[in-house]
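J.: Below is a structure I'd like to ask you about.
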Amino acid sequence: MANIDKRFPSIPHMKATARRRMPGFAWEYMTGGIGLEENVRRNTGDLQKILFMPRYLSDAQDPDISTTVFGQRLAAPFGVAPVGLGGLQWPGCEPPIGRAARRHDVLHILSTHATQSLEAMKAHTGPSGWFQLYPPKDPAMETDMIERAKRAGYDVLVVTVDIPAVTRRDRDIRNGLSVPPQFDLRTVCHAAMRPHWLLRLARHGIPHFENLEPYAPKGLSIREFGEFLGTILSNHITADRFRQIRDRWPGKVVVKGVLDPEEAAAYMTLGADGIIVSNHGGRQLDAAPSSVSMLPHVRRRLGPDALVMVDGGVRSGLDIARMVALGADYVFMGRPFIFSAAAIGDDGPAHLIDVLKQELRGTMWQLGCPRLADLHTFLHKPE
């Protein structure tokens, strides 16, 4: 592990190696956004503008970065955001990411569009695992997915509301990347230049949407299955529709994809137990505000006792501290976990979590901040 730490001391180092190991179409699918991709840049750029004022006349020792969410004690205030098509970006990466989250006592959200089934992944994530639901158009399909999540032992359902329709993403169109992937001459040429990725693919097989395949008509071609996926999106989630999901789920319900403070309050009134402030990694609307810019407004609207979480643009333990200082109870990230797996292999996700823990604790130590709850008092607000 010492050699891994020397080669990959931070996320930027993992990202650089991942780019050299991943085929171009997979890299661009993971890192790209929509339109001019200003929102992707806004997520990271706005975070970097958040400054702290360190205080050295302090007796703060050994900062405590543990936290509690829904009564579960967690080792750190950050975890794994849902990532679709993880097995395309780096074949076989989803189980090691889930196991790392469980081992390090941080949360893990499995995407509906994962390439591992929700049942199989629960065995890897254990009590750390939540399930993200993209509410489908078909009520019977929705009911069955909710029942599957119950039977698998998930306690928290994350309802993602910010994908009402299929979007046009320029990079994927240019690369010929379809969902599910079709390996034409262009994508095969991309893959041929990345032997590490090809070896992983040979070992783990062509990725499939294992959570969704049971609902597709039998005998579909790859192209026809892609068309099927485009037909199941549910449009906007109405208040009545959300109430129905809330009524069917016996555990906690978290709403992901909210930016507007009033909408966040409306979901809480409808029965949500928590909110994840998110613009979907800048992949849905290029003119949307960054997650970090809306986080303080959502916190003020919901008050100090509501569970407010966030994702978008987080690339370090310092960024996690920034989000917590601005009102987040918990912080999620997706792309960095793919970077870590592609750069390092199956040991990468655990290494990433360890790096982030050290960076967060080091930031708090430098500030003179003993607890996560005190981070907001160190925000620097220039005159």
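J.: Please enumerate the residues belonging to the stretch 1-43 that are among the aromatic types (Phe, Trp, Tyr) and either on the phi > 0 side of the Ramachandran plot or part of a helix (DSSP H, G or I) (or both).
T.: So the first thing to find is which residues in the stretch 1-43 are among the aromatic types (Phe, Trp, Tyr), and the list is 8, 25, 27, 29.
Phe25, Trp27, Tyr29 - these are the residues of the stretch 1-43 that are among the aromatic types (Phe, Trp, Tyr) and either on the phi > 0 side of the Ramachandran plot or part of a helix (DSSP H, G or I) (or both).
J.: Inspect all residues belonging to the stretch 64-76 and state whether any of them is closer than 27 Å to Arg21 by Cα, assigned to a strand (DSSP E or B) and touching a helix residue (DSSP H, G or I) at 6+ places or on another chain (Cβ under 8 Å).
T.: Residues of the stretch 64-76 closer than 27 Å to Arg21 by Cα: none.
So far as the stretch 64-76 goes, no, none of its residues is closer than 27 Å to Arg21 by Cα, assigned to a strand (DSSP E or B) and touching a helix residue (DSSP H, G or I) at 6+ places or on another chain (Cβ under 8 Å).
J.: Restricting to the stretch 298-326, give me the number of residues that are over 15 Å from Ala76 (Cα atoms), touching a helix residue (DSSP H, G or I) at 6+ places or on another chain (Cβ under 9 Å) and not in a strand (DSSP E or B).
T.: Looking only at that region, the number is 10.
Matching residues to (1) modelled with pLDDT under 95; (2) surrounded by 22 or more Cβ atoms within 10 Å (Cβ to Cβ); (3) within 14 Å of Pro54 (Cα to Cα):
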| residue | (1), (2), (3) |
| --- | --- |
| Gly317 | no, yes, no |
| Phe332 | no, yes, no |
| Phe339 | no, yes, no |
| Gly345 | no, no, no |
| Gly348 | no, yes, no |
| Gly362 | no, no, yes |
| Gln366 | no, no, yes |
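J.: Can you find even one residue in the stretch 48-57 that is surrounded by 14 or more Cβ atoms within 10 Å (Cβ to Cβ), assigned to a helix (DSSP H, G or I) and touching a residue at least 60 places away in the same chain (Cβ under 8 Å)?
T.: No, the conditions are met nowhere in the stretch 48-57.
J.: For residues that are more than 26 Å from Glu210 (Cβ to Cβ) and modelled with pLDDT under 95, scanning just the stretch 58-111, find the one that is surrounded by the most Cβ atoms within 10 Å (Cβ to Cβ). I'd like the intermediate steps shown before the answer.
T.: Of all residues in the stretch 58-111, those more than 26 Å from Glu210 (Cβ to Cβ) come to 58-78, 105.
Restricting the remaining residues to those that are modelled with pLDDT under 95 gives 58-62.
On the way: Ser58: 12, Asp59: 6, Ala60: 15, Gln61: 8, Asp62: 8.
Going through the qualifying residues, I end up with Ala60.
J.: Okay, next question. What is the one condition in (1) surrounded by 22 or more Cβ atoms within 10 Å (Cβ to Cβ); (2) modelled with pLDDT under 95; (3) small (Gly, Ala, Ser) that Ala2 does not satisfy?
T.: Ala2 satisfies all of (1) surrounded by 22 or more Cβ atoms within 10 Å (Cβ to Cβ); (2) modelled with pLDDT under 95; (3) small (Gly, Ala, Ser) except (1).
J.: Can you pull out the residues in the stretch 247-291 that are surrounded by fewer than 22 Cβ atoms within 10 Å (Cβ to Cβ), of a type in the set (Lys, Arg) and either assigned to a strand (DSSP E or B) or within 22 Å of the chain's Cα centre (by Cα) (or both)?
T.: Lys252, Arg283
J.: Restricting attention to the stretch 126-141, report how many residues are part of a helix (DSSP H, G or I), within 23 Å of Gly257 (Cα to Cα) and touching a residue at least 12 places away in the same chain (Cβ under 8 Å). Let's see the steps before the verdict.
T.: The initial filter retains those residues of the stretch 126-141 that are part of a helix (DSSP H, G or I), namely 126-128, 139-141.
Now restrict to residues that are within 23 Å of Gly257 (Cα to Cα): 128, 139, 141.
Of the ones still in play, those that are also touching a residue at least 12 places away in the same chain (Cβ under 8 Å) are 128, 141.
Adding up the residues that qualify gives 2.
J.: Report the residue count in the stretch 195-233 for those that are among the charged types (D, E, K, R), over 25 Å from the mean Cα position of the chain (by Cα) and at pLDDT 85 or above.
T.: Number of matching residues: 1.
The values are calculated or read from the model by the stated rules, or taken from the named source; none is laboratory data. Everything numeric in this text was worked out from a predicted model, so none of it was measured. Don't worry about glycine lacking a Cβ; one is built from the backbone with ideal geometry, like all the others, and counts go over all protein chains shown.
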